[in-house]
Structure formats: structure tokens, C-alpha cells
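Worksheet: one structure, shown below.
The values are calculated or read from the model by the stated rules, or taken from the named source; none is laboratory data. None of the values given here were measured: they were computed from a predicted structure. In this analysis, Cβ positions are derived from the backbone assuming ideal geometry, glycine residues included, and neighbour counts consider all displayed protein chains.
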Amino acid sequence: MNIKELEKFLHKSNADFQIIEHELPITTLEDGKKYFDITRAVPTLILRSGTKIFSCMVSSMHGKIDFASLKSEMKLPELKLMNREMVFKSTGCKVGAIPLVGLGFPCIVDKKILQFDYIFGGSGDPLFTLKISPKDLVMINDVVYYFE
């Protein structure tokens, strides 16, 4: 989904959002510091359990995710972070630019993001950041599990 398609999708979903363009690509939290409050940054991870793929929206303030515990809580046989090549093959996006919405995968969401009025995350293009209300993020996506 390109930026125009993303914008159309979000308007159609009646989401409270803004697409922010920047001169330099943002692919890491360090890059994002130049443009916004990174305590509100929400990277999207792509996880795999067997043949099932999940998007995982995690607060930048979360720290390391305990995949073994998450796997157990979700009663999955396995849960692994996908490698860069598989992420690109599955999403069409490079790691660091994975969009918060529009992938069509079931989603796992960090409850910490729900405390904010807006969060910042990927748009699918490293030169654009999606600012969106977390309540709209969870409304738009197929959230199957929340974690702390």
C-alpha cells in the first residue's frame, strides 16, 4: 500500500490520523528522535507461529519482549520474530518501515500504547510516519491479543 492508498484507507476507516513527511528516512528509534517524542513510538514487528503470521505493535518503552511467555499466554506452538528477508517477502516493506495498519495480519498489541492520545509508527515508507490514535489503530486492525 503506497502513501496515497494508506491515506484513503484511513479516511475510509474514519481514523484520527496524520501522515507526516520527513526529509530523511526513519528506520530506527534514534532516527525518530529528530522528529517526534519517541516514548510514543510504536514499531511493528512481524512474528510467525508455524504458517501463521502476526503483526505485533509494541511500545518503544516496553523493552525486550519475552516471546516464550507470549507464546505460552497465546497458547501457540511457537512464536518467533521473522528475519528481514521473510518480513520483506510477507509485507513488501523493509524492517523499520512496516506499517501500523493495512497488512491484514492478526495483531498482537502492547497495552502500553493505549495510554496515549496519539502514537507514531511506520507507514510502509521510511520517509513518512503515521501518527494515529491508538483506539483507531485497534479498531482498524484485527487485534487477537493484548499483552503487558
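Taking the criterion of being loosely packed, with under 14 Cβ neighbours inside 10 Å and farther than 21 Å from GLY92 by Cα, the residues of region 31-59 that qualify are LYS33, LYS34, ASP37, THR39.
Go through (1) closer than 17 Å to PRO25 by Cα; (2) buried (at least 17 other Cβ atoms within 10 Å of the Cβ); (3) under 13 Å from the mean Cα position of the chain (by Cα) one by one and return the number of the condition LYS94 breaks. Going through the list (1) closer than 17 Å to PRO25 by Cα; (2) buried (at least 17 other Cβ atoms within 10 Å of the Cβ); (3) under 13 Å from the mean Cα position of the chain (by Cα), LYS94 breaks only (2).
Residues satisfying the criterion are absent from region 135-148 (criterion: closer than 14 Å to ALA41 by Cα and surrounded by fewer than 21 Cβ atoms within 10 Å (Cβ to Cβ)). Residues that are surrounded by fewer than 17 Cβ atoms within 10 Å (Cβ to Cβ) and either without any contact (Cβ under 8 Å) to a residue 40 or more places away in the chain or out of contact with any Pro (no Cβ under 8 Å at 6 or more places or on another chain) (or both) within region 14-30 comprise ASN14, ASP16, GLN18, ILE19, ILE20, GLU21, HIS22, GLU23, LEU24, THR28, LEU29, GLU30, listed in sequence order. Taken over region 97-134, the criterion of being hydrophobic (A, V, I, L, M, F, W, C), surrounded by fewer than 22 Cβ atoms within 10 Å (Cβ to Cβ) and in contact with a Lys or Arg (Cβ under 9 Å, 6 or more places away or on another chain) is satisfied by PHE105, LEU114, PHE116.
The strands (runs of 3 or more DSSP E) found wholly in region 34-148 and carrying at least 2 residues that are under 15 Å from GLN18 (Cα atoms) occupy 119-122, 128-132.
Of all the numbered requirements in (1) at pLDDT below 95; (2) closer than 17 Å to VAL144 by Cβ, PHE105 misses one, and that requirement is (1). Count of region 1-13 residues, restricted to those that are basic (Lys, Arg) and either farther than 25 Å from LEU114 by Cβ or crowded, with 16+ Cβ neighbours inside 10 Å (or both), is 2.
Looking across region 13-33, the residues that are assigned to a helix (DSSP H, G or I) and either of a type in the set (Asp, Glu) or modelled with pLDDT of 95 or more (or both) come down to GLU30, ASP31.
The residues of region 60-79 that are within 17 Å of the chain's Cα centre (by Cα) and exposed (fewer than 12 other Cβ atoms within 10 Å of the Cβ), listed by number, are GLY63, LYS64. Restricting the first member to region 68-79 and to residues that are touching a residue at least 12 places away in the same chain (Cβ under 8 Å), and the second to residues that are among the small types (Gly, Ala, Ser) and in a loop (DSSP other than H, G, I, E, B), the beta-carbon pairs closer than 7 Å and six or more apart or on different chains are PRO77/GLY50; GLU78/GLY50.
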